[in-house]
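See below for the structure under consideration.
What follows is calculated from the coordinates using simple rules that are stated; it is not laboratory data. What you see is a predicted model, and the numbers here were worked out from it, not measured in a lab. Heads up, the Cβs are rebuilt from the backbone with ideal geometry, glycines too, and the neighbour counts pull from every protein chain shown.
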Amino acid sequence: MNKIFELPLYPYARHADQDAATPARRRVVVIGAGPVGLAAAIDLGMQGIEVVVIDDNDKVSFGSRAICFAKRTLEIADRLGLGAPLVEKGVQWNVGKVFFDTRKVYEFNLLPEDGHRRPAFINLQQYYIEDHLVARLRALEAEGAPVSIRGGSRVSAIEDHADHVALTVSTPEGPYVLEADWVIACDGANSPTRQAMGLDFVGRVFEDNFLIADVIMDAEFPTERWFWFDPPFNRGQSALLHKQPDGVWRIDLQLGWDIDKDHEKKPENVIPRLKAMLGDDVDFSLEWVSIYTFQCRRMEKFRHNRVIFAGDSAHQVSPFGARGANSGLQDVDNLCWKLALVIKGAAPDSLLDSYDAERIHGADENILNSSRSTDFITPKSEISRVFRDAVLDLSEHHAFARPLVNSGRLSMPCRYDTSGLNGVDALPGGPDRTRPGAPCPDAPVGNGFLLDHLRQGFTLLGLNTDVADVNAGGIAARALPLRASGALVQRYLGGAESAVYLIRPDQHVAARWAAFDATAVRAALRRATGQA
């Protein structure tokens, strides 16, 4: 068993707030020290916002849990200052293969083009992600950033007031009351915060179950995503294989509807299933076993006055497609720059409503794709199964059928096409992939990459044209003039000779033009920050 599970990273320690005569007031309290909560604290701390993270645990999560982290997540991690160690530790992959019975019917490459710093995905156990996030938080704290974490502390009651949130925090030494200007609830799918506020999910729970087994073994499988429909070792069901660091392999096996979960998790029942897949001659040991049920659900609203939900506390999707943790990191990427502007008085409170609109759009997109994956993987009728199997057969030899195969559409960054923050698209011939609302694709720039230059604040990117800094309502857009060549031309100019892009702090395009116009940029900047 990996010893990292047993190491207390943020043990309980009495804080002066517990002895205060009146409740202490903090700017932001993040509930939950998983990847989403820790990333939110780091993001806000880097912007000088006071953050206290509260978690009833004192160590990383038990079991690998989320393992597939997408390119966009790695780019967010780069902005937060910890992308490189994650990629160095993780298993990088771009290729996936799909099998039907024993036949490979097709394969796909999630990053077929060159000119990106990061791979399509890495596989890395969640406990390593959390370990690196805690280390980054501690480093910021040591540098003087107003961030801290309180382990062994549980939020047992919450009261949302007009101008603050009152939290009752239970500790080994008794409860105390802590006030916060804002609360970000990142306390997971069973969110006690959501329950305490009388809120719930809407959506679907699918009647199927999958076994997760993290297996330690020496194996010669390549570093690819392998998915089987109806394999001989799990007839009538499906299976998934991923490689992780440290000789750990993730295996998902579909079990069906009516099962005894406790019975199926017992080693004496798990091991025969794995031997049927791997063969009797493969030596392996179990690191972690769990069973999950497909759920595609979300809260009706993510923002409730001064309490804002992010990650699994706000939405749930089935694991196939790696949309859970990746979408949670996109939540905080979207939220934190907006919350920082509101706290600093640079933007109106209403800017936070755009978090609701944009990330609900993202959640609905993930739920749609996840539901379609689930319906394809687990047909609900005989005619659905006949259709699926025909698609799989055709895809082996006919390219037209391959887009119909759905073994879990893998996580892609959300485009906020209908966002009220989007400005004009005044770039005739501009590439569709960089229209307003889209995330910025990376591209080589000098000895580095474009996204290296888009890590904080608003940026006014000028390609083959002059640009200057612009200020609107106290918010500045920093000029970044570049000569476009290679991938920059393809990804940002298309058929245009020059371009100007207003890019948000979360590296999404706010507006674009063919040439620099300070008045037009100021209008777009006001719109992107909720001032207009």
Whole-Hz ³J(HN,Hα) from phi, Karplus 6.51 cos²θ - 1.76 cosθ + 1.60, for segment 96-104, glycine and proline x = x, 10, 10, 10, 10, 6, 9, 9, 7
List the residues of segment 181-219 whose backbone N lies under 15 Å from a point placed 7 Å from the Cα of residue 4 along the Cα-to-Cβ direction.
-> 214-216
For residue 156, list long-range residues whose amide hydrogen, built 1.01 Å from N in the peptide plane, is under 5 Å from its own amide hydrogen.
-> 168, 169, 170
Calculated from DSSP helices alone, with each H run of at least 4 adding -39500 (n - 2.57) and the total divided by the residues of the chain, [θ]222 nm to the nearest 500 comes to -8000 deg cm²/dmol
Which parts of segment 344-383 would a label at residue 202 reach, counting a residue when its backbone N lies under 14 Å from a point 7 Å out along Cα-to-Cβ?
-> 360-361, 364
For residue 383 and residue 418, calculate 0.36 nm times their separation in residues minus their Cα-Cα distance, and state this gained length in nm to one decimal.
-> 8.9 nm
If the chain between residue 189 and residue 12 were fully extended at 0.36 nm per residue, the gain over the current Cα-Cα distance would be 61.3 nm
Segment 210-273: GluC sites (Glu not before Pro) in DSSP coil with no more than 11 other Cβ atoms inside 10 Å = 220
Scattering profile of segment 425-528 at q = 0.11, 0.16, 0.19, 0.23 Å⁻¹ [log10 I(q)/I(0), Debye over alpha-carbon scatterers] = -0.27, -0.58, -0.85, -1.30
Contour excess over end-to-end distance, with Cα ends at residue 404 and residue 21 and 0.36 nm allotted per residue | 131.6 nm
One would report the antiparallel percent of DSSP beta bridges in the chain, rounded to the nearest 5, as 70
Exposure proxy check: 242, 161 ranked by fewest other beta carbons within 10 Å?
-> 161, 242
As a percent rounded to 5, the proportion of antiparallel DSSP bridges among beta bridges in segment 425-528 is 65
List 131, 187, 258, 417 from most exposed to least, where exposure is judged by having the fewest other Cβ atoms within 10 Å.
-> 258, 417, 131, 187
Between residue 301 and residue 102, Cβ-based FRET efficiency (R0 41 Å, step 0.05) works out to 0.30
Of the GluC sites (Glu not before Pro) in segment 296-389, those whose Cβ has at most 16 other Cβ within 10 Å and which sit in DSSP loop | 300
Within segment 95-112, what residues put their amide N at less than 15 Å from the label point 7 Å along the Cα-to-Cβ vector of residue 393?
-> 100-103, 105
At residue 141 and residue 221, where each label point lies 7 Å from the Cα along Cα→Cβ, what is the point-to-point distance in nanometres?
-> 3.8
Suppose R0 equals 22 Å; then what is the FRET efficiency for residue 154 and residue 290 from their Cβ-Cβ distance, rounded to the nearest 0.05?
-> 0.45
With 5 Å bins from zero, work out the P(r) of segment 173-242 over every alpha carbon pair and list the percent per bin.
-> 3, 9, 11, 15, 12, 9, 10, 11, 9, 6, 4, 0
Note: segment 187-320, point scatterers on Cα, Debye, no solvent; log10 I/I(0) at q = 0.11, 0.16, 0.18, 0.19 Å⁻¹ equals -0.50, -0.88, -1.01, -1.07
Short version: ³J(HN,Hα) in whole Hz for each residue of segment 504-517, in order, from phi by Karplus 6.51 cos²θ - 1.76 cosθ + 1.60 (θ = phi - 60°), x for Gly and Pro, what are they?
-> 6, x, 8, 6, 9, 6, 9, 6, 8, 9, 7, 8, 6, 9
Under 25 Å from the Cα of residue 89 - lysines, other chains or at least 8 residues apart | 3, 59, 71, 97, 243
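Applying 1/(1 + (r/R0)^6) with R0 = 35 Å to the Cβ-Cβ distance of residue 452 and residue 62, what FRET efficiency is obtained, to the nearest 0.05?
On the way: r = 36 Å, r/R0 = 1.01.
My answer for the efficiency is 0.50.
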Taking a quarter of the surface of the Cα convex hull of the chain, what do you get in nm²?
-> 25.5
For residue 24, which sequence-distant residues (separation of 5 or more, or a different chain) have an amide H within less than 5 Å of its own amide H, given hydrogens modelled in the peptide plane?
-> 179
Just rank 364, 230, fewest to most, by other beta-carbon atoms within 10 angstrom.
-> 364, 230
In order through segment 483-491: 3J(HN,Hα) via Karplus (6.51 cos²θ - 1.76 cosθ + 1.60), integer Hz, x for Gly, Pro = 8, 8, 8, x, 5, 4, 5, 4, 8
Tally Lys and Arg at +1 and Asp and Glu at -1 over the other residues with C-beta under 15 Å from the C-beta of residue 283: what net charge comes out?
-> -4
